[in-house]
Amino acid sequence: MSRTCRALGASVAMLVLLAHAAHAAPPLEEPRQSPNGRLEAARLQAVQAAVDALAARRRDLLPRSDGLLDLRCIFHAHAGDSSHTGGKPEEMLAAAKLAGVRVVFLSDHFRPPRDYMDSWRGLRDGVLFIPGSEARGFLLHPEASVFPLMDQPVPELVPAVVRGEGMAFLSHIEERPDHPMDGLTGLEIYNRHYDAKRDFTGMLQLVLRLTDPERLKELSGLVERFPDACLAAQCLYPQAYLDKWDAANATGRFTGVAANDCHHNQIFLLKKVDDETALLGTIVDKDEGMRKVRASLRPTLRPLLAGKPPGAIVARIDFDPYERSFRNVSTHVLAAAQTEPALRAAVKAGRAYVAHDWMGDPTGFDFRGVGDGHDQNASGGFRMGDERPWSPGLRLLVRSPLPATLRLLRDGRVETVTEGNTLEHPVSRPGVYRVELWLTLDGERRPWVYSNPIYLRGQGR
């Protein structure tokens, strides 16, 4: 089936979505800890010990037989593009180098008269930048400017963006779960901002910690000692996103990417107004947009304010520097070269997987299919993103550089689960197959890797 199947009507797509989502697989297991519970010192220490132990067990797998490069990429990245973005492109570049990121797909907010295609483009000190925009509910990456069309209806804008090797991804699925996928390249299958939005209790606890001297000191120490685990405490299984993806892939082919959604703006501040009042917000908030906290309701605030001049910053905690955000989640793209054409071709072909890299380096992960001989070739069979007619004798192979729980799903439903570094599974029926890898940290299994699918449709001869 070619990608023209994406042109299915919205009504048909919605019927498939509703029918399919009802049978979607739940997470491997429910979280044993709440996001706030994960921020306890003992929990964070245990998680870090597990991460270190896993790293010691990592296998350096043989190079890929197809010669493709595993390039760590960031989608949905903001720098210097809006009033609520704290970081700059130069800061992003330095962080990318530290985090091992090879490619950044920028997502500048649309700000006329500036054209987002005039952002950084090309290699800079070993990191490839590809311009784009977060606009109209999409991540847009056209090959050339579509500035005059940005205000046009979506049915006119999207075809212009995806012309040639352009790409468009549905963003923030929780805000538009019923949005049709007509003409799109793919969608976000994980978004870091969605986790933060879901964690109301954790955000309330953050307010309490920032306005209490002892709890503030403890939190500052934990963020310093366990920066990755602190940021990842909110990360949960993206059920709504995966349901949408599985339903869409029942009739189409849509590449799943991770939305890093980094702005370096989660630097929380407590600012003194007077001895009885403070403002709580982030570095991108103006005073009138910050939350007013009074010592009459929060007495622990007084020691923090005592002796400080009005306007003084009495507390500051940086949760999301770019380097930490980049380690939190990324999209690994299997491309022939670190060039914009090669990256666009690989992403559109679905040669990618999403990983929470802070838990362990997934480089070397592989998901492919082989047959009884007729599919064996120099490239080792067929790969993520490929579509083949199903036929008897096909097998799916998974390999992981870390021992993990390997879960194979067919059409969004669990096909088989195993433990270890490898999985081999005979394919007894057609379907859309994808893989999830889970790691056990502090006695809790947490999602680590999400592959893009292999599509085995119908039946071949």
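Numbers below:
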item	result
Subset of region 236-254 [within 17 Å of the chain's Cα centre (by Cα) and either aromatic (Phe, Trp, Tyr) or surrounded by 24 or more Cβ atoms within 10 Å (Cβ to Cβ) (or both)]	237, 238, 241, 242, 244, 245, 246, 254
Residues being over 18 Å from residue 370 (Cβ atoms) and of a type in the set (D, E, K, R) - total across region 416-460	6
Residue check for residue 112: in contact (Cβ under 8 Å) with a residue 24 or more places away in the chain and surrounded by 15 or more Cβ atoms within 10 Å (Cβ to Cβ)	no
Residue list for region 253-281, filter: of a type in the set (Lys, Arg) and at positive phi	none
Single match in 148, 142, 153, 131 (criterion: in contact with a Gly (Cβ under 8 Å, 6 or more places away or on another chain) and either under 14 Å from residue 77 (Cα atoms) or not basic (Lys, Arg) (or both))	142
Boolean, residue 257 is among the β-branched types (Val, Ile, Thr) and either over 19 Å from the mean Cα position of the chain (by Cα) or outside any strand (DSSP E or B) (or both)	no
Matching option when the condition is of a type outside the set (Gly, Ala, Ser) and surrounded by fewer than 21 Cβ atoms within 10 Å (Cβ to Cβ), among 344, 324, 291	291
Subset of region 259-294 [within 30 Å of residue 101 (Cα to Cα) and either of a type in the set (Asp, Glu) or out of contact with any Lys or Arg (no Cβ under 8 Å at 6 or more places or on another chain) (or both)]	261, 263, 264, 265, 266, 282, 283, 284, 285
Region 220-234: number of residues that are part of a helix (DSSP H, G or I) and in contact with a helix residue (DSSP H, G or I) (Cβ under 7 Å, 6 or more places away or on another chain)	8
Tabulated pairs, region 284-298, first closer than 16 Å to residue 208 by Cβ, second modelled with pLDDT under 90, C-beta under 8 angstrom, 6+ apart or interchain	291/207; 291/281; 293/207
Residue match in region 329-342 (condition: free of Cβ contacts under 8 Å to residues at least 12 places away in the same chain and farther than 29 Å from residue 213 by Cβ)	yes
Candidate set from region 235-254 (those that are touching a Leu at 6+ places or on another chain (Cβ under 9 Å) and assigned to a loop (DSSP other than H, G, I, E, B)); member that is nearest to residue 449 (Cα to Cα)	237
Hits in region 439-461 (condition: buried (at least 17 other Cβ atoms within 10 Å of the Cβ) and in a loop (DSSP other than H, G, I, E, B))	442, 452, 453
All strands (runs of 3 or more DSSP E) inside region 376-438 with 1 or more residues being modelled with pLDDT of 95 or more and over 22 Å from residue 253 (Cβ atoms)	395-410, 413-426
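Matching residues to (1) assigned to a loop (DSSP other than H, G, I, E, B); (2) modelled with pLDDT of 90 or more:
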{"position": "4", "(1), (2)": "no, no"}
{"position": "11", "(1), (2)": "no, no"}
{"position": "14", "(1), (2)": "no, no"}
{"position": "25", "(1), (2)": "yes, no"}
{"position": "38", "(1), (2)": "no, yes"}
{"position": "47", "(1), (2)": "no, yes"}
{"position": "63", "(1), (2)": "yes, no"}
{"position": "80", "(1), (2)": "yes, no"}
{"position": "85", "(1), (2)": "yes, no"}
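The values are calculated or read from the model by the stated rules, or taken from the named source; none is laboratory data. Fair warning: this is a prediction, and the values are worked out from it, not measured in the lab. Note: ideal-geometry Cβ built from the backbone for every residue, glycine included; neighbour counts use all protein chains shown.
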